[in-house]
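The values are calculated or read from the model by the stated rules, or taken from the named source; none is laboratory data. Computed from a predicted structure; not experimentally measured. FYI the Cβ positions are ideal-geometry reconstructions off the backbone, even for glycines, and counts take in every protein chain you see.
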Amino acid sequence: MSNIRVASRYAKSLLELAEEHNVLEAVKGDFKTFLSIVDENRSVGLALDSPVINYDKKFNILKLLLGKSANKLTISFFDLVTRKKRSNVLVSTAKEFLRQYNVYKNIQVAEITTTLPLTEDLREEIINLVKEISGLEKVELVEKIDKDLIGGFVLKVGDKLWDDSISGKLRKARMKFAQRYFVKLY
């Protein structure tokens, strides 16, 4: 079975179990913490993927990373997955869990990339725009800064992308020039 299908099934089961035990928010927080640690430290992801490192070491790494504040259900889940030698799907399971959580709670995640931090008024305007586009009342806005955009913004909502950046417009103009054939008349 592919890792994506395994991750999806693990995430769905964990979501249902967390909801049943009324610890859904705590488990979500643990997975966000886990993903931020893996994003910051590449060696953690490599250690989890490694078949050479045994189960005990992987589980101890996970317990140390999450600390004592982690929910018992999250720790039990990590224990089960590492014991069954499926730790290579933990990162994709965490991402899938957060995706399924957002679907379950009717939250639309939108990502905006700008050259400067957003002002509060602009942030509210973008959130209202995303609400209008998605039809959902709850919006989680992920803000990123990229100086290479030169100006403007790039907004990603679901599988749609709006590129209103200067660098995007320059790239489009460059492609149009490359597609045209010029004939010299002399």
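Residues in the stretch 102-123 that are closer than 21 Å to Leu149 by Cα and basic (Lys, Arg): Arg123 alone.
Cβ-Cβ below 6 Å, separation at least six or inter-chain, first residue in the stretch 113-137 and modelled with pLDDT under 95, second assigned to a helix (DSSP H, G or I): which pairs? From the stretch 113-137, the pairs are Thr115/Lys147; Thr115/Leu149. Within the stretch 159-171, is even one residue hydroxyl-bearing (Ser, Thr, Tyr), under 30 Å from Ser8 (Cβ atoms), modelled with pLDDT under 95 and surrounded by 11 or more Cβ atoms within 10 Å (Cβ to Cβ)? For the stretch 159-171, residues hydroxyl-bearing (Ser, Thr, Tyr), under 30 Å from Ser8 (Cβ atoms), modelled with pLDDT under 95 and surrounded by 11 or more Cβ atoms within 10 Å (Cβ to Cβ): absent. Applying the condition of being basic (Lys, Arg) and free of Cβ contacts under 8 Å to residues at least 12 places away in the same chain to the stretch 27-62 and asking which residue is surrounded by the most Cβ atoms within 10 Å (Cβ to Cβ) yields Lys57. Hey, any hits in the stretch 54-73 for a residue that's out of contact with any strand residue (DSSP E or B) (no Cβ under 7 Å at 6 or more places or on another chain), under 21 Å from Val109 (Cβ atoms) and in a helix (DSSP H, G or I)? No; the residues of the stretch 54-73 include none that is out of contact with any strand residue (DSSP E or B) (no Cβ under 7 Å at 6 or more places or on another chain), under 21 Å from Val109 (Cβ atoms) and in a helix (DSSP H, G or I).
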